[in-house]
Amino acid sequence: MITIALSKGRIFEETLPLLEEAGIRALEDPESSRKLILDTNRQDVRLIIVRASDVPTYVQYGAADLGVAGKDVLNEHGGEGLYQPLDLNIARCRMMVAVRNDFDYESAVRQGARLRVATKYVNAAREHFAEKGVHIDLIKLYGSMELAPLVGLSDVIVDLVSSGNTLRANDLKAVEHISDISSRLVVNQAALKLKRHDIQPMLDAFERALKQ
Ligand code: ATP
Ligand code: MG
């Protein structure tokens, strides 16, 4: 049995065509089904539906053989026990620093001010500001980061941005680009050795699909 961990929403939807290339079709839609284990047209392949940030954990411990996870999530997890053979180029967005429209970020940085940073991406934020030599107090959040500067919880946020509409709707502006984000295929290192015969053809099919 090969178990593939995916999260609902964009990752599931954007991974479907790649699975199709490998001859794998889900028999149910996670948006309408409440099931967390989905059968596929292949008796030896199943999909499990987990929270986006839990995908690396399932794969690390071998509860799933493969998974699809954003670079944001992989950076926070650390990537231990994971082989990352392919950038799937899906779920693309950018990790940015954002502030209120009326906050002068440049001069705060120039003056060496200590910044309060609210984010779900604490590793990414720590690395980014350490590289800039900016001292920060980190405030860990689990979502809706855009709210933090509006109510005085933080000076800045580190968040994922695609269109910028959410920032604009909340009178925020992006002031720094930290990194480009996309999702990668992750594989349990032990499973790759033990089940190479089954897993390698899938990796080859994904790679073919990406080249099209
Ligand atoms: P959860 O909703 O479980 O709290 P999440 O918001 O990180 O977690 P998703 O919204 O499903 O989960 O996002 C999955 C992945 O897609 C993220 O890890 C990130 O790599 C990427 N992503 C997040 N936001 C966007 C976006 N606005 N546009 C494109 N890709 C995004
Ligand atoms: Mg989300």
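The values are calculated or read from the model by the stated rules, or taken from the named source; none is laboratory data. Values in this document were obtained by computation on a predicted structure and should not be read as measured data. Don't worry about glycine lacking a Cβ; one is built from the backbone with ideal geometry, like all the others, and counts go over all protein chains shown. Side chains are part of the model used for accessible areas, which takes the heavy atoms of the whole protein and leaves out ligands, DNA and RNA. Shrake-Rupley method; radii C 1.70, N 1.55, O 1.52, S 1.80 Å.
Could you pull out every one of the strands (runs of 3 or more DSSP E) wholly within segment 1-66 that has 2 or more residues that are open to solvent by 60 Å² or more (accessible area, probe 1.4 Å) and assigned by TED's automatic domain parsing to the domain that holds Ile199?
The qualifying strands (runs of 3 or more DSSP E) are 37-39.
Can you pull out every residue in segment 49-98 that is away from ligand 1 (no atom under 12 Å from the Cβ) and over 23 Å from Leu210 (Cα atoms)?
Thr57, Tyr58, Gln60, Tyr61, Gly62, Ala63, Gly78, Glu80, Gly81, Val97, Ala98
Out of all the residues in segment 83-103, which are over 30 Å from Asp171 (Cβ atoms) and open to solvent by 10 Å² or more (accessible area, probe 1.4 Å)?
Tyr83, Gln84, Pro85, Leu86, Asp87, Asn89, Ile90
Do you know which residues across segment 171-211 are over 27 Å from Glu76 (Cα atoms) and in contact (Cβ under 8 Å) with a residue 12 or more places away in the chain?
If the condition is that a residue be over 27 Å from Glu76 (Cα atoms) and in contact (Cβ under 8 Å) with a residue 12 or more places away in the chain, then Asp171, Lys195, Asp198, Pro201, Ala205, Arg208, Ala209 are the ones that fit.
Taking Tyr83 as meeting all but one of (1) hydroxyl-bearing (Ser, Thr, Tyr); (2) under 11 Å from Val186 (Cα atoms); (3) out of contact with any helix residue (DSSP H, G or I) (no Cβ under 6 Å at 6 or more places or on another chain), write down the number of the exception.
The failed condition is (3).
Just to check your reading of the model, which residue among Asp198, Asp171, Asp137 is acidic (Asp, Glu) and closer than 30 Å to Val59 by Cα?
On the way: Asp171 fails: closer than 30 Å to Val59 by Cα; Asp137 fails: closer than 30 Å to Val59 by Cα.
When all the criteria are applied, what remains is Asp198.
Taking the stated definitions as given, is Ile136 among the β-branched types (Val, Ile, Thr) and under 19 Å from the mean Cα position of the chain (by Cα)?
Criteria not met by Ile136.
Does segment 58-80 contain at least one residue that is under 25 Å from Lys173 (Cβ atoms) and small (Gly, Ala, Ser)? Explain how you work it out, then say what you get.
To start, the set of residues in segment 58-80 that are under 25 Å from Lys173 (Cβ atoms) comprises 70-72, 75-76.
Narrowing the set further to residues that are small (Gly, Ala, Ser) leaves 70.
Yes, segment 58-80 has at least one match.
Is one or more of the residues making up segment 67-80 in contact (Cβ under 8 Å) with a residue 24 or more places away in the chain and either more than 17 Å from the chain's Cα centre (by Cα) or open to solvent by 70 Å² or more (accessible area, probe 1.4 Å) (or both)?
No: segment 67-80 contains no residue that is in contact (Cβ under 8 Å) with a residue 24 or more places away in the chain and either more than 17 Å from the chain's Cα centre (by Cα) or open to solvent by 70 Å² or more (accessible area, probe 1.4 Å) (or both).
Let me confirm something: among Tyr105, Tyr83, which residue is within 17 Å of the chain's Cα centre (by Cα) and either modelled with pLDDT under 95 or on the phi < 0 side of the Ramachandran plot (or both)? Lay out the reasoning, then the answer.
On the way: Tyr105 fails: within 17 Å of the chain's Cα centre (by Cα).
From the options Tyr105, Tyr83, the qualifying one is Tyr83.
Quick check on Tyr61: is it away from ligand 2 (no atom under 16 Å from the Cβ), under 18 Å from the mean Cα position of the chain (by Cα) and of a type in the set (Phe, Trp, Tyr)?
Values: away from ligand 2 (no atom under 16 Å from the Cβ): yes; under 18 Å from the mean Cα position of the chain (by Cα): no; of a type in the set (Phe, Trp, Tyr): yes.
So Tyr61 fails the test.
For Val122, state whether it is touching a Ser or Thr at 6+ places or on another chain (Cβ under 9 Å) and without any contact (Cβ under 8 Å) to a residue 60 or more places away in the chain.
Answer is no for this residue.
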